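Notes to accompany the following structure.
The values are calculated or read from the model by the stated rules, or taken from the named source; none is laboratory data. Computed from a prediction, not measured in an experiment: that's the story for all the values here. Backbone-built Cβ (ideal geometry, glycine too); neighbour counts: all protein chains shown. Note: areas computed on protein heavy atoms with side chains; ligands, DNA, RNA excluded. Shrake-Rupley method; radii C 1.70, N 1.55, O 1.52, S 1.80 Å.
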Amino acid sequence: MPINPEEFEQLVAQALDELPEFFQKKLQNVEVVVADRPTQAELQAVGLRPGQLLFGLYQGVPLTKRTSHYGLVLPDKITIYRLPIQQICRTPERIIYQVQRTVKHELAHHFGISDDRLRELGAY
C-alpha cells in the first residue's frame, strides 16, 4: 500500500524523534533526507547492480573516524529511499517498521558500526 511522499517524510521524522536523547544529541552536522530511489552512481558506490534494492545510504565521516582536524565540512548525509521500501512492504505497518529499521541502520554507520558488525549483532 503506497504512502504519499509527505507521509513518508513524516515517518522518517518520527523515527528520528523517537531515538533516545543520547543519540539525538550526537546527530549534529547530519542531514537526513528522503529520495524516491537511489541513483545509478549511489548503487555502484555500494556495490549494487541496477535493479537491486537499497533502502538507505550513509555518506560522511563516521564519528569513530573523526580526528581533531574534522571541522568546516559539509554535513554527513543519510538518505532514506521511499520507493524501494514501499516495493517490499505490503502494509502501512511494515512500511513504518522498515523506515524505523533503515533509519537506525544508517545511523549505526554514522556511529561507526559497519555492515559486518551489524550482521554479527543480528541487525540484518
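Remarks
- Per residue, the chain reaches -13000 deg cm²/dmol at 222 nm when only DSSP H runs of four or more residues are counted, each adding -39500 (n - 2.57).
- A cut-off under 12 angstrom between Cβ atoms defines the neighbours of Ile85, and their net charge, with Lys, Arg +1 and Asp, Glu -1, is +4.
- Axis angle, to the nearest 10 degrees, between helix 5-17 and the longest C-alpha principal axis of the chain: 40 degrees.
- Tilt relative to the chain, helix 92-110 - C-alpha long axis, 0 to 90 degrees, to 10: 20
- Calculated P(r) tail over 17 Å for the range 1-105, as whole % of Cα pairs: 56
- Calculated FRET value between Val33 and Leu63, using beta carbons and R₀ = 22 Å, to 0.05: 0.65
- Top positive-direction residue, dipole computed over the chain with Cβ charges, set Ile96, Ala35, His110: His110
- Estimated from the Cβ-Cβ distance and a Förster radius of 25 angstrom, the FRET efficiency linking Gln10 and Leu74 is about 0.45.
- Among the trypsin sites (Lys or Arg not before Pro) in the range 68-97, those placed in a DSSP loop whose Cβ has at most 10 other Cβ atoms within 10 Å are Arg90.
- Average accessible surface area per residue within the chain, 1.4 Å rolling probe, Å²: 64
- Stokes-Einstein D for the range 31-82, Kirkwood Rh over Cα pairs, 10 °C, 1.306 mPa s (µm²/s): 129
- Among the chymotrypsin sites (Phe, Trp or Tyr not before Pro) found in the range 1-109, those both in a DSSP coil and sparsely packed, with 15 or fewer other Cβ atoms within 10 Å of their Cβ, are Tyr70.
- Total charge dipole magnitude, the chain, about the Cα centre, Cβ charges on Lys, Arg, Asp, Glu only, Debye to nearest 20: 360
- Computed in the context of the full set of protein chains, the accessible area of the chain at 1.4 Å probe radius has 53% of its extent on carbon or sulfur.
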